[in-house]
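Everything on this sheet refers to the single structure shown next.
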Amino acid sequence: MAHSTKSLRMWLAMAVVALGAPVGASAQDAAAPAAAEPAWAKLCNADPATGKELCLTIQEIRADTGQFIASATVRTIDGDAKKSLITAVPPGMLLQPGLRVQIDDGEQQEVKYGICFPNACYGELEINDDFIGKLKAGGKLTLTTLNQQAKPVNFPMTLAGFTKAFDGKGLDQAAQQARQSDLQDALARRAENARQKLIEQQQKESGAN
C-alpha cells in the first residue's frame, strides 16, 4: 500500500500540473457529455525518482460546469515493462468493493482503491501489452463503482483516439501549458452556456406561471 500510495502521489503531482486539479462531482454527473477537446492526451516528463521518461496517456471527463467526473490514465516508464491503469472517480462511493474496469463487453477487472482525496478516489491496476492491445482495438472503456446505496454507477469513456495518443509523442511542458489554457477556456465557455440555459429555462417557467 505504501508503494502504491507513493506511486499515485507522484502521478498526481504530474497530472495536476498538466490538467489542473479536479474539483468535486456527484454521481449524477456520470452521464455528462465529454469535452469537445480530443478525448485522450499523452503527457511526458522525467520521473523524479529514476530520471527515466514517465508518460501518462489520460482521459478526463468533466461536466459542463467544469466539475471533475472521472478519469482513466495509462502510465508507462521508459525501459520498464510494468504498466499501470490509474482510475479516478468521485468521492462518496463504497470503498470495500473497489471498482471495476471493462473494455467494451469484455471481462470486468477489479481495481482496489489506493488513496482518496476530498475531490476524488484513485485506484491502480497493473496491466500488460495484451490489455493495451485491447484498449487500442476497443471502442469504450467503462469504470463501474457503487454509490452509498450500493447501486452501480458507470463512467463510460470513449477509446477513440487512444491509439494515436498512446503511440504518439507526448506533449512537452509548453504544449501541456497550452493545452491546459485551452481546456480552461473551453470549460469556461461551457459553464457560461450552461448558466445561460438555466436562466432561459427559469424565464420560461416564470412566464408559464
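The values are calculated or read from the model by the stated rules, or taken from the named source; none is laboratory data. Since the model is a prediction, treat every value here as computed from it, not as a measurement. FYI the Cβ positions are ideal-geometry reconstructions off the backbone, even for glycines, and counts take in every protein chain you see.
Of all residues in region 63-75, those satisfying the criterion of being over 9 Å from the mean Cα position of the chain (by Cα) and either assigned to a strand (DSSP E or B) or modelled with pLDDT of 95 or more (or both) are Val74, Arg75.
Taking Leu187 as the residue in question, decide whether it is surrounded by 15 or more Cβ atoms within 10 Å (Cβ to Cβ), hydrophobic (A, V, I, L, M, F, W, C) and either modelled with pLDDT under 75 or not in a loop (DSSP other than H, G, I, E, B) (or both). So Leu187 fits the description; yes. Among the conditions (1) more than 17 Å from Ala70 (Cβ to Cβ); (2) at pLDDT 90 or above, Leu141 misses just one, which is (1). Taken over region 90-112, the criterion of being farther than 21 Å from Gly138 by Cα and either among the β-branched types (Val, Ile, Thr) or free of Cβ contacts under 8 Å to residues at least 24 places away in the same chain (or both) is satisfied by Gln96, Lys112. For the condition under 24 Å from Cys55 (Cβ atoms) and either assigned to a loop (DSSP other than H, G, I, E, B) or touching a residue at least 60 places away in the same chain (Cβ under 8 Å) (or both), Ile115 qualifies.
If I filter region 76-89 down to residues being touching a residue at least 40 places away in the same chain (Cβ under 8 Å) and in a strand (DSSP E or B), which single residue comes out as nearest to Val153 (Cα to Cα)? So, considering only residues that are touching a residue at least 40 places away in the same chain (Cβ under 8 Å) and in a strand (DSSP E or B), the one nearest to Val153 (Cα to Cα) is Val89. Quick check on my filter: what residues within region 118-151 are over 15 Å from Thr87 (Cβ atoms), outside any loop (DSSP other than H, G, I, E, B) and of a type outside the set (D, E, K, R)? Within region 118-151, Ile132, Gly133, Ala137 qualify. Quick one: would you say Leu135 is over 17 Å from Gly98 (Cβ atoms), surrounded by 15 or more Cβ atoms within 10 Å (Cβ to Cβ) and in contact with a Gly (Cβ under 7 Å, 6 or more places away or on another chain)? When the stated conditions are applied, Leu135 does not pass them.
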